[in-house]
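J.: Quick one: the structure is below, questions incoming.
The values are calculated or read from the model by the stated rules, or taken from the named source; none is laboratory data. In this text the structure is predicted, and so the values were computed from the model without any measurement. Note that we place each Cβ from the backbone using ideal geometry, even for glycine, and neighbour counts take in every protein chain shown.
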Amino acid sequence: MTEAAAPLSLLVIDDELQIRRLLRVTLEAGHYKVREAETGRLGLQEVAHQAPDGIILDLGLPDLDGTEVIRRLREWSKAPILVLSVRAGEDDKIAALDAGADDYLTKPFSGRELLARVRAILRRNPPGASEPAVVCFGGIEVDQATRLVRRHGAEVHLTGKEYALLKLLLQHRGKVVTHRQILRELWGPGAEEQTHYLRVHMAHLRQKLEPDAPTPRHLRTEPGIGYRLVEG
């Protein structure tokens, strides 16, 4: 006799208690394991620590707009996201989908349609595709859920651009990322020739993270091409 597969897990991020209760009853009836978070930041932490198979997200959260939660999740997580919101406007739907949501359902909703949408996004996005929320190399620890960076346990303050540069190199770690690609991603298409921006920010990042900035172990230069993050 074969052993039954463990139920897939879903995280509900919604600040309304009654909605969370309704979703729990509906989803558990569909044989899903359900966890809850009432704010965007708590939701990000839950995704980082529990790695749910799917996420059901409200946009009207008390601390972060749901679209911002999606953007932050998509920096490191590929877990499928179903937006469940009272916002029915086309602009809201487009913004959420462009940020990385997989589907959008407006409130009020039927339980049958909700379960069908959940099944659909889980089929398109098999579990286990996300990378770890916390990435370590050398003495550096990068928590992508909270955007905290630590060096040998001590928090390191990075500017927004420094963190974005580090995150981009982490996404492509072990591979060369060209100057033009980095400038386009961080400053936009019009900045592709402004390599001095990049040199300055890389120098600051090395000063904060490398044990010996002039001879970096991890944030390596590929002369004339770009940069590479080496973990070892």
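J.: Of the residues in the range 39-66, how many are assigned to a helix (DSSP H, G or I) and over 16 Å from L23 (Cα atoms)?
T.: Qualifying residue count, the range 39-66: 11.
J.: List the pairs whose first member sits in the range 26-52 and is in the same structural domain as L84 (by TED's automatic domain parsing), whose second member is of a type in the set (D, E) and surrounded by fewer than 18 Cβ atoms within 10 Å (Cβ to Cβ), and whose Cβ atoms are under 6 Å apart, counting only residues at least 6 apart or on separate chains?
T.: From residues that are in the same structural domain as L84 (by TED's automatic domain parsing), the pairs are V34/E28; E38/D15; T39/D63; G40/D63; R41/D63.
J.: Whether any residue in the range 31-45 is within 14 Å of the chain's Cα centre (by Cα), modelled with pLDDT under 95, buried (at least 19 other Cβ atoms within 10 Å of the Cβ) and within 21 Å of A120 (Cα to Cα) is what I want to check.
T.: no
J.: Now a separate question. Against the condition closer than 26 Å to S77 by Cβ and assigned to a helix (DSSP H, G or I), how does L198 come out, does it pass?
T.: So L198 fails the test.
J.: Another one. Select from the range 10-38 the residues that are assigned to a strand (DSSP E or B) and of a type in the set (K, R) and list them in ascending order.
T.: If the condition is that a residue be assigned to a strand (DSSP E or B) and of a type in the set (K, R), then K33, R35 are the ones that fit.
J.: Identify, from the list D92, D98, the residue that is assigned to a helix (DSSP H, G or I), surrounded by fewer than 16 Cβ atoms within 10 Å (Cβ to Cβ), at pLDDT 90 or above and not aromatic (F, W, Y).
T.: Just one listed residue meets the conditions, D98.
J.: How about the range 156-183: which of its residues are outside any helix (DSSP H, G or I) and either at pLDDT below 90 or closer than 20 Å to A48 by Cβ (or both)?
T.: Of everything in the range 156-183, those that are outside any helix (DSSP H, G or I) and either at pLDDT below 90 or closer than 20 Å to A48 by Cβ (or both) turn out to be V156, L158, H172, R173, G174, K175, V176, V177, T178.
J.: Against the definition (in the same structural domain as R217 (by TED's automatic domain parsing), small (G, A, S), under 20 Å from A48 (Cβ atoms) and more than 20 Å from the chain's Cα centre (by Cα)), how does G153 come out, yes or no?
T.: yes
J.: Turning to a different aspect of this structure: Kindly indicate whether R74 is in contact with a Gly (Cβ under 6 Å, 6 or more places away or on another chain) and closer than 30 Å to E210 by Cα.
T.: Criteria met by R74.
J.: When you scan the range 184-225, how many residues do you find that are at pLDDT below 90 and surrounded by 14 or more Cβ atoms within 10 Å (Cβ to Cβ)?
T.: 8
J.: Ok, one more. Among the listed residues L82, L114, which satisfies the condition of being in a strand (DSSP E or B) and crowded, with 19+ Cβ neighbours inside 10 Å?
T.: Checking each option against the conditions leaves just L82.
J.: Sticking with this one: Exactly one condition in (1) more than 17 Å from G138 (Cα to Cα); (2) crowded, with 18+ Cβ neighbours inside 10 Å; (3) touching a Gly at 6+ places or on another chain (Cβ under 7 Å) is not met by V176; state its number.
T.: That leaves (2) as the condition not met.
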